[in-house]
Amino acid sequence: MAPPDAGATVGGLGYIGLTSNDLAGWRRLACDVLGMAVGTGSDDDTLLLKMDENVYRVAIARGTEEGLSHQGWEVANGPTLEALGERLASLGYAADAASPEQCAERQVGAMLRTADPDGRHVELYVGARKEDVRPFVSPHGTRFVTGDGGLGHLVIWATDHEAALRFYGRGLGLGTTDFLTGHFQGAFLGATARHHSVAIFSVAGVPAHVDHFMVEVDGIAALGQAHDRALAAGDLAMTLGQHWNDRATSFYVTTPSGMDIEYAWGARTVDRSTWVSTLGNGEISFWGHHATSAEHAKKLRAEQWLADFRLVGQETP
């Protein structure tokens, strides 16, 4: 039997699935504030959010538990999907073929289903359904940066940093773009020109959870207009700022499911054939990204992102 293909890799983060008991709140935030659109197939118990020609990029199912239910990673073709399944199995992660019904639910051609070391449901797929007849039309004229880079990136906290790196790095074939250290361990990984499609953080005492997912728009005016809408609606969690590694200028909003959404513009792209990884010193931003409430500052401090979190217009509690 031939060994698993060491060169096989996923592409971008194609979609994510969430559960929430507040679909109306999600629809207001995603569409009215952030400029996404409701996708075909949405109903009283399912909200599909469009960002481009894909049928959906974010799927939210009604449920009593708030949070991430699954993540879907795009794969170029069937042989690569098969090779990834074999490699995951060799590392101790069973990757089972999805049924036709499960593929139809996700609106993909073929899919493998597995789980990361913290039990997060991970899907690898080929052939996402596109919509040419009903193209994406944002209520605010927003255009998102997707394509080969997928919907954006996902930031997760892992209980075992090395195990998570082994799964996402060796298992899925993602290359490490940068590292970050301080009070925690951090790594940024990707396979496309997008700087990173997943970031993994770990610190003693912090349980596994999802911190945020990022979406990117194609112009600074779209970023600023969405920022104004988020500010007016009371959704702003962190102010405008710029990250040191991917150079994205962004702000963060709080979602009904507890995790944040980073809304970004201007992220750098990388050539993975020549890129040299760097190690950050614990800071995440050149400027900005201040917490806008004591509650959010407390959350960030509990995760020990930085030694100091300044609250806008007042002393840090």
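Are there strands (runs of 3 or more DSSP E) fully within the range 109-184 with at least 1 residues that are touching a Cys at 6+ places or on another chain (Cβ under 7 Å)? List them. Lay out the reasoning, then the answer.
On the way: elements: 110-115, 121-126, 153-157, 175-181.
It comes to 110-115.
In the range 185-201, of all residues being over 23 Å from R87 (Cβ atoms) and in a strand (DSSP E or B), the one that is modelled with the lowest pLDDT corresponds to Q185.
Checking the stated criteria, T9 turns out not to satisfy the condition of being assigned to a helix (DSSP H, G or I), under 18 Å from Y125 (Cα atoms), open to solvent by 10 Å² or more (accessible area, probe 1.4 Å) and in contact (Cβ under 8 Å) with a residue 60 or more places away in the chain.
Taken as a whole, the condition of being buried (at least 21 other Cβ atoms within 10 Å of the Cβ) and either touching a Leu at 6+ places or on another chain (Cβ under 6 Å) or closer than 30 Å to G25 by Cα (or both) applies to G72. In the range 185-214, the residues that are free of Cβ contacts under 8 Å to residues at least 12 places away in the same chain form no Cβ pair under 8 Å with any partner that is outside any strand (DSSP E or B) and open to solvent by less than 10 Å² (accessible area, probe 1.4 Å), whether six or more places apart or across chains. If you check W275, W287 for being outside any loop (DSSP other than H, G, I, E, B), at pLDDT 70 or above and open to solvent by 10 Å² or more (accessible area, probe 1.4 Å), only one passes: W287.
Total residues in the range 198-224 satisfying the condition of being more than 23 Å from G150 (Cα to Cα) and open to solvent by 50 Å² or more (accessible area, probe 1.4 Å): the figure is 3.
The values are calculated or read from the model by the stated rules, or taken from the named source; none is laboratory data. Given the structure is predicted, the values throughout are model-derived calculations rather than measurements. Don't worry about glycine lacking a Cβ; one is built from the backbone with ideal geometry, like all the others, and counts go over all protein chains shown. Calculation scope for accessible area: heavy atoms of the full protein, side chains included, ligands and nucleic acids excluded. Shrake-Rupley method; radii C 1.70, N 1.55, O 1.52, S 1.80 Å.
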